[in-house]
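Peer 1: Below is one structure. I have some questions about it.
The values are calculated or read from the model by the stated rules, or taken from the named source; none is laboratory data. In this text, all values refer to a predicted model and were calculated from it rather than measured experimentally. Quick reminder, even Gly has a Cβ in these numbers, built from the backbone with ideal geometry, and neighbours come from all protein chains shown.
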Amino acid sequence: MFVFCVIFCAYLLPKNTSINTQNIKTGDVWLNDDFISPFDFLIKKTNTELAQEQKNNHKQIGYFNQSTVNVNNLLLPLKSLLGKQYHSISAYLDSAYKCGVYFNDDDLMQKDTAIYVVQNNEVAFTRKNNLFTIDKIKDFLSTQLTDEKIISQTLQLIKPNVIYDETLSNEIAKEESETNYIYKSKVEQGEIIIHKNDIISQDQSNIIASYNNELSEQESNTSSVTIVLGQLLACVLILGIMMLFLAFFRKTIFSQNSQVTFIFLIILLIVLTTSIIAHYNIHFIYAVPFCLVPILIRVFFDSRTSLFNFLNIILLCAFFMPDKFEFVFIQLIAGIGTIFSVADMGKRSKLFVSALLTFVFYVLSYIAYHLVNNTPQAIGHFENYIPFLISSVCVLFSFPLIYIFEKLFGFISDFTLLELCDLNSPLLRQLSQKIPGTFQHSLQVANLAEEACYKIGGNPLLVRTGAMYHDIGKMSNPRYFTENQVGEVSPHEDLSSEESAQIIIDHVIKGVEIAKANKLPEAVIDFIRTHHGTTTTRYFLYNYKKEHEGEIINEDLFRYHGPIPFSKETAILMMADGVEASSRSLKKYDAVTIDELVDKIINHQINENQFMNADITFRDINQIKKIFKKRLMNIYHVRIEYPR
């Protein structure tokens, strides 16, 4: 389970470092320190800019073919008519054709201010004003010739030698738009891209997009093995520390596979949820109900285990955030506040209070962080508090989740214990009506055990619930137990000692059967199994020894089947049950007799090794003795005798 959790968490963690800038949008406020470029990169043009440039390229880039014209051959038909002006006109046209002649009715030539002229496989850049038009040639001929008819005939012979090449122009435009115009500028290493508290402009947003692309390309070109190894190491350290905590300080949890599996499942669910939300909108990671974790674990375990696991989850999920310190600071304050608010889970209304306090802690820690970092403008944005509100409301979902986890893992929560302790619950009501003597005995045992559990530490509500149900097996044969015999002859007088002992021992087995039939939790059934441990029915064993004096006696016939108590709570119940039952047989109630009784009963249980599997010390046992003595004296109204 540990290895699977490490691999799964490492797989979910982000594999690039652009997480700091990948969700920045135009109009956002940059609340971090100045963002300085760690390397050189080119700023790409947007798709809109590229499309516009490609459109402009088709308009502006014009390639024309220029052909060679023999002017003498051109003017040969009019040589005799031109007379003495032939040489000047010939020289002028020769010069014009060398520069280039085009006609004004060419639409492309009218729009362009400059063109590329291809002649003999060489390209020359030429201004349109440098070329000759038919109008320019006509003006020159008018200065040389007076006969309009000859001018008209000459103009008819003149043809343009600069012709637009559409195919070549389109090919060149396409090549240049694909290669030469992708980038528009360059950012140097060390250049400040965004200043602290800047409102992100459209240009800055484009720069960040180019930065993210370049960073992703660099990370894809380099080996990702180091990143994966680092994340695996981080997960091993974080989850390994949690395992060590359970192994050294919570041995009872560590020894139960179901409980460790539950803790890992909570971790996986939270990390998976964080990963999914980070993929779509990293700002809404604060909406993940992290504060559900301390509540769920506190309900089934204790506050320290709850806090320790919450810290580990926050450290793992911090890898998804740009500002990791802000995330850890805010979540720790809110989570610890939530743990304080659910320290006593005695009432369901505590969860509503916890949800409210969680939101308050979120808001206060968020305000404190941004005041310290001199970014007060973030405090005034209402939308920044929406994720905190969502996370706090999700705390209320602990109601159904507690029920689901109870059923899945066989846990028992304080809420269930409170319901079971209700005297109007069906089984306790049946107990009080059918065997009121045993019911009163159970109430007294519950009071003794609960007070002792408060004193030495443990789960008082659990031990009280176990005490209320520990003797339900007596409902099968109520008349065979002294507390239910009122002014009548004991039915044991007609039975042998072995038979009587077996009936008494069977009340444990019958109790387990009744408890399972009524679907009581295993944690409560454990109190029924262990409240007599492997002790003997001493009264009937004593009578049997008297009747069979000198014989070898099999004491196992008079011994409960166990098991012996294995927790602090079950050990306390055994002591309370033995002391309370024996106190009813006292003939005189004073401080001395009660002291002797409590010491005798508990010391006998210790001598029979009934507490060797329980996490209880001699110091705890001495505290329990004092509490029982004081409580019994109050019950029987014993006054302390003062010296005269």
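Peer 1: One residue is enough: does region 563-580 have a residue meeting the conditions free of Cβ contacts under 8 Å to residues at least 24 places away in the same chain and in a helix (DSSP H, G or I)?
Peer 2: No, the conditions are met nowhere in region 563-580.
Peer 1: Another question, if that's okay. Take the residues in region 278-319 that are of a type in the set (Gly, Ala, Ser) and within 19 Å of Met242 (Cβ to Cβ); name whichever of them is surrounded by the most Cβ atoms within 10 Å (Cβ to Cβ).
Peer 2: Let us first name the residues in region 278-319 that are of a type in the set (Gly, Ala, Ser), namely 278, 287, 303, 306, 318.
If we keep only those that are within 19 Å of Met242 (Cβ to Cβ) too, we end up with 303, 306, 318.
On the way: Ser303: 14, Ser306: 23, Ala318: 17.
Top of the filtered list is Ser306.
Peer 1: If you go through region 583-626 one residue at a time, how many are more than 17 Å from His531 (Cα to Cα), under 45 Å from the mean Cα position of the chain (by Cα) and surrounded by 16 or more Cβ atoms within 10 Å (Cβ to Cβ)?
Peer 2: 1
Peer 1: Mind listing whichever residues of region 414-432 are small (Gly, Ala, Ser) and either not in a helix (DSSP H, G or I) or not assigned by TED's automatic domain parsing to the domain that holds Tyr469 (or both)?
Peer 2: Residues of region 414-432 small (Gly, Ala, Ser): 425, 432.
Selection gives Ser425 alone.
Peer 1: Any idea which of (1) surrounded by fewer than 13 Cβ atoms within 10 Å (Cβ to Cβ); (2) at pLDDT 75 or above is the one Tyr97 doesn't satisfy?
Peer 2: Checking Tyr97 against (1) surrounded by fewer than 13 Cβ atoms within 10 Å (Cβ to Cβ); (2) at pLDDT 75 or above, the one that fails is (1).
Peer 1: Quickly run through region 356-378 and pick out the residues that are out of contact with any strand residue (DSSP E or B) (no Cβ under 8 Å at 6 or more places or on another chain) and surrounded by fewer than 16 Cβ atoms within 10 Å (Cβ to Cβ).
Peer 2: Selection gives Leu356, Val360, Leu364, Ile367, Ala368, Leu371, Val372, Asn374, Pro376.
Peer 1: Please enumerate the residues belonging to region 148-164 that are assigned to a helix (DSSP H, G or I) and hydrophobic (A, V, I, L, M, F, W, C). Outline the logic, then answer.
Peer 2: Filtering region 148-164 for residues assigned to a helix (DSSP H, G or I) gives 148-157.
Ile150, Ile151, Leu155, Leu157 - these are the residues of region 148-164 that are assigned to a helix (DSSP H, G or I) and hydrophobic (A, V, I, L, M, F, W, C).
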